[in-house]
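Undergrad: If you scroll down you'll find the structure; I have some questions about it.
The values are calculated or read from the model by the stated rules, or taken from the named source; none is laboratory data. Treat the numbers as computed from the prediction; the structure is a model and nothing was measured. Here Cβ is always computed from backbone atoms with ideal geometry, including for glycine, and neighbour counts include all displayed protein chains.
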Amino acid sequence: MRLAVLASGSRGNAFVVEHDSQALFVDSGLSGVEHARRLESCGLTGVRPRCILLSHEHNDHARGVGILARSYGIPVLSSPGTAIAAERSLGKLPDLVAFENGRTAEIGPFEVTSFRVPHDAADPSGYVIEWSGGRLGMATDLGSAGPLVRHSLSGCTAMVLEFNHDEDMLWSGSYPWPLKQRIASSVGHLSNDCAAELLGGLVHPGLSVVVLAHLSEENNEPGLALEVAADAAGPTRLMAGMQSRALDCIDLG
């Protein structure tokens with residue numbers, strides 16, 4: 001089982017979970033050409049995608065989803081609210097499947113469960129993807145981490161978790177005041193300190209790797225996020241997702 005982080009940040013997010021050449025695409029805020037280029041850079045050009053999981057309708061997650069769906073002839077799965085909100089930007093699709101938050105579905109070798117996350121979108125979702133050897137939790141846009149998020153991510157053997165901003169950098173930075181308030185709100189984005197607190201409550205001996213995701217280029221630094229996360233993660237391997245390039249494929253066991 002492998003995880004590819006093709007892009008992660010405020011300008012575009014795209015992930016691939018692959019097992020025995022079968023794959024799930026999770027979001028795509030990249031162009032079709034750039035998504036293909038980054039797949040190739042990860043050695044995943046021969047994978048057979050089963051579907052695209054769309055977390056929410058914001059452009060940095062949805063921009064390339066319709067293009068990919070048409071190119072591969074695969075369905076898009078999203079919550080009903082996301083499907084309505086993203087309808088115009090997605091365009092005509094081979095299939096759009098309503099995948100309500102809280103639902104579980106078998107998709108090839110994967111068992112996928114969606115859960116509601118607190119973000120300022122129509123009906124946003126996080127995902128837990130399970131297979132015979134582990135459990136991957138993905139939550140990239142959440143303004144706060146309440147009981148549902150904590151429960152959904154508990155027991156994961158790998159995680160993709162938002163570490164969006166450093167609070168001091170955000171409040172002293174150049175963003176307009178309304179945007180700062182939106183990011184820092186309970187339905188905005190998770191700060192390094194809040195994400196580390198969440199991570200600290202989820203760490204267990206079976207958690208092998210955590211990817212710090214959706215880092216702001218303006219209000220965060222990879223080294224700073226990794227330093228804050230390390231205090232909570234103990235021996236768990238940490239990696240920071242990149243906006244400009246894909247990470248090497250991560251073996252999830």
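Undergrad: Given the conditions (1) at pLDDT below 95; (2) on the phi > 0 side of the Ramachandran plot; (3) not aromatic (F, W, Y), report the number of the one that G9 does not fulfil.
TA: Unmet for G9, out of (1) at pLDDT below 95; (2) on the phi > 0 side of the Ramachandran plot; (3) not aromatic (F, W, Y): (1).
Undergrad: Shifting gears a bit: Do any residues in the range 19-32 that are closer than 12 Å to R50 by Cβ have Cβ atoms under 6 Å from those of residues that are in a loop (DSSP other than H, G, I, E, B) and hydrophobic (A, V, I, L, M, F, W, C), where the two are at least six apart or on different chains, and which pairs are they?
TA: H19/M1; S21/V47; A23/V47
Yes/no per residue for (1) under 15 Å from the mean Cα position of the chain (by Cα); (2) touching a residue at least 40 places away in the same chain (Cβ under 8 Å):
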residue: R116; (1), (2): yes, no
residue: D120; (1), (2): no, yes
residue: P147; (1), (2): no, no
residue: H151; (1), (2): no, no
residue: W177; (1), (2): no, no
residue: R182; (1), (2): no, yes
residue: H189; (1), (2): yes, yes
residue: D193; (1), (2): no, no
residue: V209; (1), (2): yes, yes
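Undergrad: Just one of the numbered conditions (1) in contact with a Pro (Cβ under 9 Å, 6 or more places away or on another chain); (2) within 30 Å of D20 (Cα to Cα) is not true of C156; which one?
TA: Failing condition for C156: (1).
Undergrad: Among the listed residues A121, A145, A105, A158, which satisfies the condition of being modelled with pLDDT of 95 or more, among the aliphatic types (A, V, I, L, M) and exposed (fewer than 15 other Cβ atoms within 10 Å of the Cβ)?
TA: Within the list A121, A145, A105, A158, the selection yields A105.
Undergrad: Please go through the range 166-175 and pick out each residue that is buried (at least 20 other Cβ atoms within 10 Å of the Cβ) and either acidic (D, E) or more than 22 Å from the chain's Cα centre (by Cα) (or both).
TA: Within the range 166-175, D166 is the sole residue that qualifies.
Undergrad: Being buried (at least 22 other Cβ atoms within 10 Å of the Cβ), under 19 Å from A246 (Cβ atoms), of a type in the set (G, A, S) and in contact with a helix residue (DSSP H, G or I) (Cβ under 7 Å, 6 or more places away or on another chain): is that true of G32 here?
TA: no
Undergrad: Quick one: in the range 49-90, which of the residues that are surrounded by fewer than 20 Cβ atoms within 10 Å (Cβ to Cβ), of a type in the set (D, E, K, R) and over 17 Å from L24 (Cα atoms) is farthest from the chain's Cα centre (by Cα)?
TA: Here the residue is R88.
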